[in-house]
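Structure first, then comments.
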Amino acid sequence: MPNYYIQSYIPILMLLAVVILLAVGMLVASYLLGQHRPTREKLTAYECGITPTGDARHRFSVKFYLVAMLFILFDVEVIFLYPWAVIFKELGIFGFVEMLLFLVIVLAGFAYLWKKGALDWTKADSGGL
Amino acid sequence: MYQALFFLFAASAVGFAINLLIQRHPIHSALSLIGVMGSLASLYLMLGAEFLAVVQVIVYAGAVMVLFVFVIMLLNADKEEPSDRSKMAKYLGLPLLFLLLAMITVVIYRQFPEDAMVQFGDFPGQTAAIGRLLFRDFLLPFEVISILILIAIIGAIVLAKKEP
């Protein structure tokens with residue numbers, strides 16, 4: 001049993017190995033094959049083809065932080081769906097109602113943040129946020 | 001084969017952890033922390049704790065690390081200058097580390113004698129067991145979690161809201 005269990009994850013291990021080999025391989029190949037004639041223009045940071053202005057390190061708006069916090073909360077919510085889905089058939093309609101109740105309470109929070117405009121990005125459409 | 005994999009992931013976890021401490025820039029440390037969490041997830045997966053591995057990747061390496069990186073961005077943390085290290089940390093740090101590790105080893109050996117060795121993939125089907133516990137035995141705490149998440153959502157919005 002244990003060996004069969006681990007064998008079922010060998011494809012993921014192979015994928016991991018391919019990803020690492022590909023990433024390292026591309027870096028090494030471009031280092032070995034490419035020509036190195038750095039100029040001042042080439043060494044500046046690439047910013048969509050426009051000449052970069054200012055420093056990349058300035059303070060970011062708290063809006064980013066709000067999005068990250070909300071992301072964690074909904075992430076934690078979604079993780080509970082995983083063991084629920086595994087035994088969904090076993091639980092039957094009772095488990096379905098249970099999870100529905102859970103989701104409705106969390107979605108009330110979603111409705112609240114939608115109404116508050118917490119995820120609206122520009123000043124015009126955010127309600128005082 | 002499995003032992004080799006175990007040592008590979010264990011070594012990468014320790015390597016990333018050491019790199020985390022050595023790096024001077026907070027962002028590089030944060031990236032190393034993702035490496036530590038990924039390696040730990042692989043170790044959990046090898047033991048058969050699939051749910052724990054998924055939580056480790058989705059919640060820790062995903063969401064919590066996003067928050068860490070955003071805090072670094074928000075505080076505009078730059079490269080750290082090494083401060084004057086205390087003499088205590090310099091001379092006592094390493095011996096105390098080894099003392100701690102030795103104590104942990106002794107406790108583990110006392111607690112788990114050799115005939116109680118854990119085999120790789122020893123606990124399959126844990127996700128269903130967790131589900132049964134969560135949705136049958138601990139039904140009320142599970143529903144209360146949703147209220148906890150709701151409070152956290154409202155709290156986050158209220159805290160981040162600008163004063164008019």
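Where a number appears in this text, it was derived from the coordinates with a stated rule and is not lab data. Being a predicted model, the structure only gives us computed values, none of them experimental. All Cβ positions, glycine included, derive from the backbone under ideal geometry; neighbour counts span all protein chains shown.
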Task: Loop-exposed trypsin sites (Lys or Arg not before Pro) per DSSP, neighbour cap 13 Cβ within 10 angstrom, longest uninterrupted part of chain A - done: A:60-122
Open item on the list: Give me a comma-separated list of calculated 3J(HN,Hα) values for segment B:89-103, in order, Karplus coefficients 6.51, -1.76, 1.60 applied at θ = phi - 60°, integers in Hz, x for any Gly or Pro.
Closed with: 5, 5, 9, 8, x, 5, x, 5, 4, 5, 4, 4, 4, 5, 5
Task: Shape call, the protein assembly as shown: gyration tensor on alpha carbons, a/c limit 1.5 - done: oblate
Task: 21 Å Cα-Cα reach of B:LYS161 towards lysines, excluding residues that sit fewer than 8 places from it in its own chain - done: A:LYS63, A:LYS115, A:LYS116, A:LYS123
Task: Restricting segment B:43-109 to trypsin sites (Lys or Arg not before Pro) in coil, as DSSP defines it, with at most 12 other Cβ within 10 Å - done: B:LYS79, B:ARG85
Task: Chain lengthening between B:GLU81 and B:ALA10 when straightened (0.36 nm per residue, less Cα-Cα) - done: 22.5 nm
Open item on the list: Using only DSSP helix segments of four residues or longer, with each worth -39500 (n - 2.57), what per-residue ellipticity at 222 nm results for chain B after dividing by its residue count and rounding to 500?
Closed with: -23000 deg cm²/dmol
